[in-house]
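Inspection log for the structure reproduced underneath, given as structure tokens.
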Amino acid sequence: MLPALAAFGTMHGKEAAFGPPLAALGVALILPEGLDTDRFGTFTGEVPRAGDMTAAARAKAEAARRVIGLDVALASEGAYGPHPTIPFIPAGIEIALWRDGARGQEIVERLVDEQPCFDHAEAADMAALAPFLARIGFPQTGLIVAPASARQRPLAKGLREAGALAEAVGRAARESGDGRAFVQTDMRAHMNPRRMETLRRLARRLADRLAHPCPACAAPGWGMLRTEAGLPCGWCGRPTRLVAREIHGCTACGHSKAMPRRDGLAEAEPGACEACNP
Ligand SMILES: [Zn+2]
Ligand SMILES: [Zn+2]
């Protein structure tokens with residue numbers, strides 16, 4: 001039931017992550033020539049992203065599907081910023097969206113990277129930048145340089161060579177009111193080996209899901225759709241906010257099934273119960 005060909009709305013070399021696991025399922029990814037996915041939003045903020053991550057991925061997938069003229073397309077989208085729950089650490093969220101335009105079916109896989117290579121520094125010169133460069137793994141990880149007073153206006157991107165970096169840092173420092181350059185990790189997949197590794201994990205997860213057909217209609221992509229809270233307290237039996245079960249289902253026909261937690265936990269500690277531990 002999987003197509004032999006799917007359009008992949010991407011730039012920046014993501015086919016290195018997604019190509020092999022999908023090829024193992026018999027799906028070849030076709031990249032549209034000249035599709036500028038940067039127009040759907042950039043990490044550096046020159047082009048703001050329209051809507052949420054899923055909407056952005058859907059727009060890329062649809063654009064690729066139309067350009068190539070296939071029923072099915074894939075796109076992926078990442079967002080990097082402060083960790084949603086842990087202060088002072090960064091996190092990355094990556095999603096992959098598989099879209100069958102003929103059936104109107106979408107399959108979305110998500111992944112959180114809690115140790116992304118996502119960082120920045122301000123420095124007046126290369127010497128002050130050395131600890132940052134060691135930390136983020138330059139030159140394997142590429143860099144973006146802007147004046148510190150105008151972070152949204154990069155002077156150079158994709159820097160992976162010390163001479164070019166020094167030149168950009170000097171220029172940015174001269175242009176900045178405070179004499180400092182703003183240097184940040186380039187998050188485009190081909191410039192950020194850590195991100196490419198995360199995308200490989202995501203691609204394997206998507207392929208695993210596509211390999212599972214729906215038991216009711218045989219469409220590809222049977223898997224977890226959401227979780228439901230309400231794990232009962234081990235003392236009083238009242239429902240807690242902890243996950244009680246996973247809902248697995250099919251986005252083509254709507255068939256679904258409740259499954260126990262995969263860690264087998266059947267009761268919550270009383271500490272997680274609002275009645276026993278208010
Ligand atoms: Zn189904
Ligand atoms: Zn309780």
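Some observations on this one:
- Of all residues in the range 260-278 being outside any loop (DSSP other than H, G, I, E, B) and surrounded by fewer than 13 Cβ atoms within 10 Å (Cβ to Cβ), the one that is farthest from ligand 1 (Cβ to nearest atom): GLY271
- Residue in the range 202-213 that is within 16 Å of ligand 1 (Cβ to nearest atom) and either polar (S, T, N, Q) or touching a Ser or Thr at 6+ places or on another chain (Cβ under 7 Å) (or both) present: no
- Members of the range 99-121 that are open to solvent by 70 Å² or more (accessible area, probe 1.4 Å), assigned to a strand (DSSP E or B) and aliphatic (A, V, I, L, M): VAL112
- Hey, ARG241 away from ligand 1 (no atom under 16 Å from the Cβ), open to solvent by 60 Å² or more (accessible area, probe 1.4 Å) and under 33 Å from the mean Cα position of the chain (by Cα) or not: yes
- Some residue of the range 244-255 being away from ligand 1 (no atom under 15 Å from the Cβ), farther than 30 Å from ALA6 by Cα and open to solvent by 60 Å² or more (accessible area, probe 1.4 Å): yes
- Filtering the range 88-98 for residues that are assigned to a strand (DSSP E or B) and either of a type in the set (S, T, N, Q) or free of Cβ contacts under 8 Å to residues at least 40 places away in the same chain (or both) leaves a non-empty set.
The values are calculated or read from the model by the stated rules, or taken from the named source; none is laboratory data. All values reported here derive from a predicted model rather than from experimental measurement. A quick note on method: Cβ atoms are made from the backbone with ideal geometry, for glycine too, and the neighbour counts reach across all protein chains shown. Protein only, heavy atoms only, side chains kept; ligands, DNA and RNA dropped before computing areas. Shrake-Rupley method; radii C 1.70, N 1.55, O 1.52, S 1.80 Å.
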